[in-house]
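Since the structure comes first, as structure tokens, the remarks are kept for the end.
The values are calculated or read from the model by the stated rules, or taken from the named source; none is laboratory data. For clarity, every value in this text was computed on a predicted model and none was experimentally measured. With ideal geometry, Cβ positions are generated from the backbone for all residues, glycine too; neighbour counts draw on all protein chains shown. Surface areas here come from the heavy atoms of the whole protein model, side chains and all, with no ligands, DNA or RNA. Shrake-Rupley method; radii C 1.70, N 1.55, O 1.52, S 1.80 Å.
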Amino acid sequence: MILIPDVKKKKFGVFGLGLSGVATCEALAASGAQVYSFDENRQARDKVADTEYRCEHPKNWPWKELDAVIVSPGVPLTHPKPHAIVRKAKLEKVDVIGDTELFARALNALEPRARPAIIGVTGSNGKSTTTALIGHMLKQAGEDVYVGGNIGEAVLSMPPFESDAIYVLELSSFQLDLTQSLHVNAAVFLNLSPDHIERHGSVDGYLEAKKRIFLNQTAEDLAVIGVDDDYAQSVCTELMASGPAEVRPVSAGSALGRGVYALEDKIYYNLDGKTALAGDLSTARSLRGAHNHQNAAAAVAVCEKFGVDPALAVKSALRYEGLPHRIEEVGRNGKVLFINDSKATNADAAARALATFTDIFWIAGGKPKDGGVESLIPMMDRVQAVYLIGEAAAEFEKQLSGAVKCVQCGDLEKAVAAAAKDAAKSDVKNPVVLLSPACASYDQFKNFNERGEAFRNLVSELSATNGEAA
């Protein structure tokens, strides 16, 4: 647990009692603060019923005495309109921050030589994989590494600061919006595609939130930036012209005069005026596809800054087991391969999976996001048929029916059964049943994890019925 300095006997509100909210309550209480908590969900409130920070409605909080309100990253700050707790805090002139800001304040309270190195990773897609991969590469190189943030462990649940350790944080735009004083020694901005517009108001608002990862960097720090989309490319150009940190571009399709890039499954780097081959990713089953090669290039760029030879970094990437629900191989039934990409909650993420395979029997749909899947029509030559589920099913069929066979399935169970049957009967050599929904999951599942687990279980049942090993 990260303890927060200088909060003894001070008072804080914590709104939202998910993983990070409960960790915030625990850290503040252990640091001697008085904590007032609340969550709009009764089950969440029940989790802290027997604690010293048990819930009390915000209308009863001592607003005039609060030092800050720590809100869940999901609480709207500005769009579509500020949440009531945010409006109340502004009215009372109380700071609204997130748990990552408390992490930063605890870090900044240390003497500079006692501070560990901090690596931050953001982007619309690939940030979890890149965060985990950086952690894996550094651990393989013998470093003491802790991984957390938007992936896995809440930042305040991470082990106490160790001066010779490295903390690798996945940071969403929601978290960055609530953070002012975090200084990361290496910042990674992978990419940006239009998403979360309802939260940020516009693509420009979303981009500005992502760029906050570079706040507080100095000339001794590193900025690793993907250049495969126009938004991130513009950030790279801007920081190379005016940012204090060293900038290393990364790409998964273009040779770079300086930086780290992937071409035809190979990773190259040029950091001192000479281009060299770092290694070959063609056998890395957990890093399939160009997008994962960009993730790997970013990880290599970061780890080299921390003393890891690029060739050794790529070798360790071959041993990386991957994260669940991200182009994850979950079974094979005869000739049919099953891929779980439940994390693909927008069209851009689904495009990355579609570009990774051919002869795809694609399961898509769920709670739709702005833009739909019209942008994926040029990729339908890779798809044998699309099996549609959830609220988006009818609209997706309207968008795709002229380009590919559409099968209305309603739910995931029916979609898996139909796609598996059609794939097995097809005359293609290596059919792939791909769950890559291009949608949020909230219409039929709690989250993308639950959706991915349901897919995994359905594939296991299907394989067991047919006598195959999943």
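Reported count of residues in region 116-139, each being assigned to a strand (DSSP E or B) and of a type outside the set (A, V, I, L, M), is 2.
Could you please let me know if C406 is modelled with pLDDT of 95 or more and open to solvent by 10 Å² or more (accessible area, probe 1.4 Å)? Against the criterion (modelled with pLDDT of 95 or more and open to solvent by 10 Å² or more (accessible area, probe 1.4 Å)), C406 qualifies.
Taking each residue of region 13-36 that is closer than 18 Å to K64 by Cβ and looking for partners that are open to solvent by 30 Å² or more (accessible area, probe 1.4 Å) and part of a loop (DSSP other than H, G, I, E, B) with beta-carbon atoms closer than 8 Å, six or more apart or interchain, yields F15/S72; A33/K8; A33/K9; A33/K10; Q34/K9; Q34/K10; V35/E52; Y36/E56. In region 243-253, the residue that is surrounded by the fewest Cβ atoms within 10 Å (Cβ to Cβ) out of those that are assigned to a loop (DSSP other than H, G, I, E, B) and at pLDDT 95 or above is P244.
Selection of first residues in region 121-138 that are free of Cβ contacts under 8 Å to residues at least 60 places away in the same chain and of second residues that are open to solvent by less than 20 Å² (accessible area, probe 1.4 Å) and among the hydrophobic types (A, V, I, L, M, F, W, C), restricted to Cβ pairs under 7 Å at least 6 apart or on distinct chains, gives the following pairs, ordered by first then second residue: T131/V121; T131/V168; G135/V145; G135/V168. The residue that is farthest from the chain's Cα centre (by Cα), among those in region 420-452 that are part of a helix (DSSP H, G or I) and surrounded by fewer than 17 Cβ atoms within 10 Å (Cβ to Cβ), is K425. Of the residues screened, R456 is not one that is buried (at least 24 other Cβ atoms within 10 Å of the Cβ), at negative phi and of a type in the set (D, E, K, R). In the set T275, T345, only one residue is closer than 23 Å to V432 by Cβ and not aromatic (F, W, Y); that residue is T345. Of everything listed in (1) out of contact with any strand residue (DSSP E or B) (no Cβ under 9 Å at 6 or more places or on another chain); (2) part of a loop (DSSP other than H, G, I, E, B); (3) open to solvent by 30 Å² or more (accessible area, probe 1.4 Å); (4) of a type outside the set (K, R), the single unmet condition for A49 is (1).
When A313 is tested against (1) farther than 17 Å from F448 by Cβ; (2) out of contact with any Cys (no Cβ under 6 Å at 6 or more places or on another chain); (3) at pLDDT 95 or above; (4) not β-branched (V, I, T), only condition (2) is not met. Restricted to region 84-115, and to residues there that are assigned to a loop (DSSP other than H, G, I, E, B) and in contact (Cβ under 8 Å) with a residue 40 or more places away in the chain, the residue that is most open to solvent (accessible area, probe 1.4 Å) is R115.
For region 272-291, what are the residues that are within 27 Å of the chain's Cα centre (by Cα) and assigned to a loop (DSSP other than H, G, I, E, B)? Those that are within 27 Å of the chain's Cα centre (by Cα) and assigned to a loop (DSSP other than H, G, I, E, B): L281, S282, T283, A284, R288, G289.
Of the listed requirements (1) touching a helix residue (DSSP H, G or I) at 6+ places or on another chain (Cβ under 6 Å); (2) surrounded by 18 or more Cβ atoms within 10 Å (Cβ to Cβ), F174 misses just one: (1).
Let's see how each residue does on (1) among the basic types (K, R); (2) crowded, with 24+ Cβ neighbours inside 10 Å:
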| position | (1), (2) |
| --- | --- |
| Y268 | no, no |
| G273 | no, no |
| R285 | yes, no |
| A290 | no, no |
| C303 | no, yes |
| F306 | no, no |
| P324 | no, no |
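The set of residues in region 52-79 being polar (S, T, N, Q), open to solvent by 40 Å² or more (accessible area, probe 1.4 Å) and closer than 14 Å to L178 by Cβ consists of T78 alone.
Among the numbered conditions (1) touching a Ser or Thr at 6+ places or on another chain (Cβ under 6 Å); (2) within 17 Å of E304 (Cβ to Cβ), the only one that V155 does not meet is (2). Listed by first and then second residue, the pairs with beta-carbon distance under 8 Å, at least 6 apart or on different chains, first residue in region 228-243 and hydroxyl-bearing (S, T, Y), second open to solvent by less than 60 Å² (accessible area, probe 1.4 Å) and outside any loop (DSSP other than H, G, I, E, B), are Y231/V203; Y231/L207. Every residue in region 121-152 that is touching a Pro at 6+ places or on another chain (Cβ under 9 Å), at pLDDT below 95 and open to solvent by 30 Å² or more (accessible area, probe 1.4 Å), please. Scanning region 121-152 gives a single hit, N150. Please find, within region 192-223, the residue that is least open to solvent (accessible area, probe 1.4 Å) out of those that are modelled with pLDDT under 95 and of a type in the set (S, T, N, Q). The residue in question is S193.
Of everything in region 379-410 that is of a type in the set (V, I, T) and out of contact with any Phe, Trp or Tyr (no Cβ under 7 Å at 6 or more places or on another chain), the residue that is farthest from P437 (Cα to Cα) is V404.
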